[in-house]
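K.L.:
Below you will find the structure I want to go over with you.
The values are calculated or read from the model by the stated rules, or taken from the named source; none is laboratory data. Everything numeric in this text was worked out from a predicted model, so none of it was measured. All Cβ positions, even for glycine, are placed from backbone atoms using ideal geometry, and neighbour counts span all protein chains on display.
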Amino acid sequence: MNHRDGLIDAMTELDEDRVMQLVQAMIDSGATSNSIQMALNVGITNVGKRFEKGDYFIADLIVSGMIYRDALRILMPTMDRARSMPIGRIVIGVVQGDIHDIGKDIIVSLLRAEHFEVIDLGVDVKPERFAYAVRTYRPDALLMSGVLTLARESMKKTMNLLEEEQLRQQVQVLIGGLCAGESQRQWIGADGWAYDPMETVSFCKRVVGEKYGKER
Ligand code: B12
């Protein structure tokens with residue numbers, strides 16, 4: 001079995017030691033952070049499928065989240081870079097009713113590594129808090145993350161509130177997480193959606209590029 005398949009298998013089997021060894025082995029052999037994350041995602045999706053079938057329980061979901069975070073601790077130092085002048089300001093949060101924050105945290109780390117100032121509102125964020133953050137921090141982009149199906153309703157409510165409070169025009173909105181897709185984007189009225197973290201970074205760079213007239 002190659003490293004990638006081994007990593008998917010180890011994550012699926014919740015074998016933390018093997019996950020850590022294989023992540024390190026993939027870094028050592030020159031694999032990109034993105035490709036390692038994608039393998040971890042396939043593994044954790046398998047965990048979710050086993051949970052759906054009743055073979056895994058809530059405790060297993062919790063363990064899978066802990067293993068994923070530990071793996072990110074090895075991966076993230078390779079991403080973080082410092083810069084004094086941020087290229088743009090982003091507000092991000094996991095929407096109301098949802099506490100899945102591993103994906104959101106990946107996006108936060110990547111954006112910071114790409115020199116964005118990121119205001120992270122955390123999990124279970126009510127529409128009113130998003131609206132408050134847009135009004136107060138005047139971000140270039142608002143990123144809403146949601147994994148549960150019900151997250152779409154919360155995203156829609158947040159968009160409606162932004163419209164009501166006349167904040168919608170001042171910010172580009174991107175949705176992401178398992179609940180997002182093109183039809184959801186249209187229904188919610190967002191400007192974009194993404195699954196791939198690098199697409200998220202490209203979206204944010206495009207937003208600041210268009211707003212300030214050039215790539216910063
Ligand atoms: C770990 C996990 C948990 C952990 C979460 C720990 C944590 N701190 O996040 C715990 C144990 C808390 C949990 C709880 C529950 N969970 Co859960 N969980 C998972 C699991 C196994 C992995 C999720 C994960 O972290 N994936 C890895 C990350 C990296 O992926 P991601 O979030 O999608 O992020 C990627 C992209 O989407 C993107 N992205 C993320 N955010 C954003 C934002 C923007 C703007 C952009 C552009 C991109 C982007 O970036 C990442 C790129 O790699 C999934 C299974 C699965 N298929 O994913 C189930 C899963 C999501 N859970 C599920 C369920 C049902 C629950 C519970 C309701 C269970 C229960 N009965 O209590 C609760 C709900 C709690 C709540 N209110 O939120 C279901 C959801 C079903 C649905 N469609 O609604 C799933 C799919 C499992 C299943 N197959 O049944 N869970």
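K.L.:
Can you say whether Ile99 is under 26 Å from Ile175 (Cα atoms), assigned by TED's automatic domain parsing to the domain that holds Thr200, surrounded by fewer than 17 Cβ atoms within 10 Å (Cβ to Cβ) and not polar (S, T, N, Q), as far as the supplied structure shows? Break it down stepwise before answering.
P.N.:
Details: under 26 Å from Ile175 (Cα atoms): yes; assigned by TED's automatic domain parsing to the domain that holds Thr200: yes; surrounded by fewer than 17 Cβ atoms within 10 Å (Cβ to Cβ): yes; not polar (S, T, N, Q): yes.
Yes; evaluated as a whole, the condition is true for this residue.
K.L.:
Would you mention how many residues in the range 190-204 are more than 23 Å from Leu40 (Cβ to Cβ) and surrounded by fewer than 20 Cβ atoms within 10 Å (Cβ to Cβ)?
P.N.:
1
K.L.:
Do we find a residue being touching a Phe, Trp or Tyr at 6+ places or on another chain (Cβ under 6 Å) and not charged (D, E, K, R) anywhere in the range 160-170?
P.N.:
Looking for residues that are touching a Phe, Trp or Tyr at 6+ places or on another chain (Cβ under 6 Å) and not charged (D, E, K, R), one finds none in the range 160-170, hence no.
K.L.:
So for the range 69-84 (the condition being surrounded by 18 or more Cβ atoms within 10 Å (Cβ to Cβ), modelled with pLDDT of 95 or more and either farther than 21 Å from Phe203 by Cα or of a type in the set (A, V, I, L, M) (or both)), does at least one residue qualify?
P.N.:
Scanning the range 69-84, I find no residue that is surrounded by 18 or more Cβ atoms within 10 Å (Cβ to Cβ), modelled with pLDDT of 95 or more and either farther than 21 Å from Phe203 by Cα or of a type in the set (A, V, I, L, M) (or both), so the answer is no.
K.L.:
Any idea how many residues of the range 4-19 are buried (at least 20 other Cβ atoms within 10 Å of the Cβ) and more than 22 Å from the chain's Cα centre (by Cα)?
P.N.:
Here the count works out to 1.
K.L.:
If I go through the range 163-178 residue by residue, how many of them are surrounded by 16 or more Cβ atoms within 10 Å (Cβ to Cβ) and farther than 14 Å from Gln96 by Cβ?
P.N.:
Count: 8.
K.L.:
Gly146: closer than 22 Å to Asn41 by Cβ, surrounded by 21 or more Cβ atoms within 10 Å (Cβ to Cβ) and in contact (Cβ under 8 Å) with a residue 60 or more places away in the chain, yes or no?
P.N.:
no
K.L.:
Which pairs turn up if I take residues in the range 171-182 that are at positive phi and look for partners that are more than 7 Å from the ligand (Cβ to nearest atom) and assigned to a loop (DSSP other than H, G, I, E, B) with beta carbon separation below 8 Å, at least 6 apart in sequence or on another chain?
P.N.:
Note: pairs meeting the criteria are Gly177/Gly146.
K.L.:
Say we look at the range 179-189 and pick out the residues that are of a type outside the set (A, V, I, L, M) and within 11 Å of the ligand (Cβ to nearest atom); which of these is surrounded by the fewest Cβ atoms within 10 Å (Cβ to Cβ)?
P.N.:
In this case the residue turns out to be Gly181.
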